Amino acid sequence: MKDKEQSGPAIQIQVLFFGALAGLTGTDRIEISNADDTEHLIEMLLLLYPSLKNETYKIALNQNLIHQKQTLKEGDEIALLAPFAGG
Amino acid sequence: MKLPCWPLLQEVKPVQVTYQGGELLPASISIPDKADNSMNEPKKKIHKVFVEGPINSSFIAESIAKHSSKTDIGAHSIFLGQVRKDEIDGKAVQSIVYSAYEEMAEKEFHRIREAAFEKYPLTCMHIYHSLGRVKAGEVSLFVFVSAMHRQAVFSACSEIVEQIKLRVPIWGKEVLEDGSFIWKVNNVGQDDKK
């Protein structure tokens, strides 16, 4: 039933920033609309936060790391993860 | 008899065990203990990994003591990650403030745990990691692996620690003596740059 939203209202994507990236963006969470896929979303983020360009990060979609472009849907959670430092 | 460990519930005895067919059997019925019986084992108990603040030595000692009733264990291996007082630009690290993407971290810990049980004949495994402030000299990571024999625990413990550093979304702010901070970065696969 959700399919009818494809070209309808803008989908909202939660974007989370972790580690150094939260300091750089000045927030740990924003909402982005109208991003169709992860590549598009990153482009939008780079416009908002140009200094992200110089950062190293991994991308997680709904808590799983992704390594290539993924289509986004309403309710998805994207996280930009600075290099890990556990232990 | 391979039952999961109950690290935080020492006095609580499992009353029922879910057997493979989904039928509930009382715990007193012994499940065949065969080396090749791993598929029939009860699901390993999942416990919370993150603890607020440092992992203190009494907690570690209690964790060890809780295993004395598990007499099929012949070997434990323990890794403790301690916050090191590094010097950065002439300023000493006073503490590390840890944060995590908790929902994802729990998933990754679960995967690491399942993979280790799959690969090694372990009896039990416990992982604890700090969140929040841990001062230099205090412990922020506690990995505790037990099995019948030493080879499995040495290998598994080392592998688990490497996997945690590589895969689990945890960050640490190294707070320096003048109050400034820098973000710690792990050097996976090289020396243990805690």
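Tell me, in nm to one decimal, what length is gained between A:HIS67 and A:SER51 on full extension, where the rule is 0.36 nm per residue of separation less the Cα-Cα distance?
Difference between extended and current length: 3.6 nm.
For the stretch A:31-87 and the stretch B:63-90, what is the separation of their C-alpha centers, rounded to whole Å?
35
Take B:TRP183 and B:HIS149, extend 7 Å from each Cα along the Cα→Cβ direction, and tell me the distance between the two endpoints in nm.
Output for this residue pair reads 4.5 nm.
What distance in nm lies between label points placed 7 Å from Cα along the C-beta direction at B:ILE64 and B:ARG111?
Roughly 3.3 nm, to one decimal.
Taking a threshold of 21 Å on the Cα-Cα distance, which of the pairs B:LYS135/B:LYS184; B:LYS91/B:LYS165; A:LYS58/B:LYS119 fall above it?
In this structure, B:LYS91/B:LYS165; A:LYS58/B:LYS119 lie more than 21 Å apart at Cα.
Would you mind checking the tilt of helix A:38-48 against the longest principal axis of the Cα atoms of chain A, expressed as 0 to 90 degrees and rounded to 10?
Orientation of helix A:38-48: about 60 degrees from the principal axis.
Averaging sequence separations of C-alpha pairs under 8 Å and six or more residues apart, then dividing by the length of chain A, give the relative contact order as a whole percent.
Relative contact order comes out at 38 percent.
Across the stretch B:65-73, in residue order, what do the Karplus-derived ³J(HN,Hα) couplings come to in whole Hz, using 6.51 cos²θ - 1.76 cosθ + 1.60 with θ = phi - 60° and x for Gly and Pro?
4, 5, 8, 5, 7, 8, 7, 7, 6
Can you check what the Kirkwood hydrodynamic radius comes to for the stretch B:44-183, Cα pairs only, in Å to one decimal?
15.9
FYI, it's all coordinate maths here, none of it is from the lab. Just so it is clear, the model here is predicted, and its values are computed rather than measured. For neighbour counting, all protein chains shown are included, and Cβ atoms are generated from backbone atoms with ideal geometry for every residue, glycine included.
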